[in-house]
Structure formats: C-alpha cells, structure tokens
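What follows is calculated from the coordinates using simple rules that are stated; it is not laboratory data. Keep in mind that this is a model prediction, so the values were computed, not measured. Reconstructed Cβ throughout: ideal geometry from the backbone, glycine too, with neighbour counts over all protein chains shown.
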Amino acid sequence: MTNRNSRLTVILAVLAGLGLAAVAVPVPSGPVGETVITSDTLLFDYRQRMCVFEGNVVITEPRVRMESQKLHVFFDASNNVESVVATEGVKVIQDNRVATCGRAVYTAESGAIVMTIDPVLSRGRDELRGDEIRIYVNSEKVISTPGRLVVYPSDSPDREHLGTKNNSAAQN
C-alpha cells in the first residue's frame, strides 16, 4: 500500500505541475490544498508501470484546473514519473490564462511540455498559436513553431503578457 500511495503522490505532483506549467507563467504561492483527479475510469497497471484516466478527466487543485478525455502517466523502473500524456480536448485554466490543445506531452527528463493539435496559449485577449508549442517548465521558456502572437494594447504599461511577469522585454 505504501508503494501505491507513493505513486499516487508522484502522479498528483506531476499533474499539478503540468497544469501550472502549461500556461507558461510563474505561479505565486497560493493556498495549500488537495489535488483531486476524477475520471469515468481509472486504471493502475503496475506491471506496465502506467496509470490511465479515461473519460471526463478533471484535475483540480487550488490554483489550476485541467480537463481532458484521456490522461496517461508512465513510470520508470524506480517508480519515478517518466512522462504524462493528456489527449482529446486538453484545457488548462488558471486565473485568466487558458491553454488548449488536442495533445499535451510532458517529459520529466527534458522538463518540457509539447502541445500539438491546434495548441493555443491565451491570457485575457492575448493569444499565442502554432502547430507545436513547447513549454520548458524549469526555465519558463516557450517556443512556438510556427508562431503567431497577438497582443492587444493595455492601459497599464507593466501588464503581464504570455509567459512573462514583466512587459519590459516586449517594449524593447
């Protein structure tokens, strides 16, 4: 049972990290609370070292909500998370930031989330689109290929844009 609880703890941590990183912005310290994952079906396959959530997958925690139809979590031989794959109607919501795509893959080794199938990152009215959007969790770096960024004017000169706390780089 301890091994099962350890795996579940790792899954919850990675899923929370995926949701926070997917909007490509730093997250301030927020309320501490539980992470809840619900789905129509949940399968733990210890021999295959994977966990599968299927049907109406919803992950909620105090700072983020993630939705998809399927979520697969893969472990290495030491029970560490290798990768997380969310598919079909992936949507991550945090405050006024939303990330959507048809497929999002997080790889622990690279620390990258690769969003494909119509990926879009938006904050308010600002929007980043591409065929593939890579979000590097540890460096808060985003690469879109090709990239199309639409930024609307704001009354505030220090307004937060996609992926940054400070607008100064965008003004230069």
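Brief remarks follow.
- Charge dipole magnitude, Cβ of K and R +1, D and E -1 - the stretch 96-138, Cα centre, debye nearest 20: 180 debye
- Reciprocal of mean inverse Cα separation for the stretch 56-145 (Kirkwood radius, Å): 13.5 Å
- Taking label points 7 Å from Cα along the Cα-to-Cβ direction, Gln48 and Phe74 give a separation of 1.2 nm.
- Rotationally averaged projected area of the stretch 59-111 (alpha carbon convex hull; nm²): 4.2 nm²
- The stretch 58-103, relative contact order [Cα under 8 Å, separation at least 6], %: 33 percent
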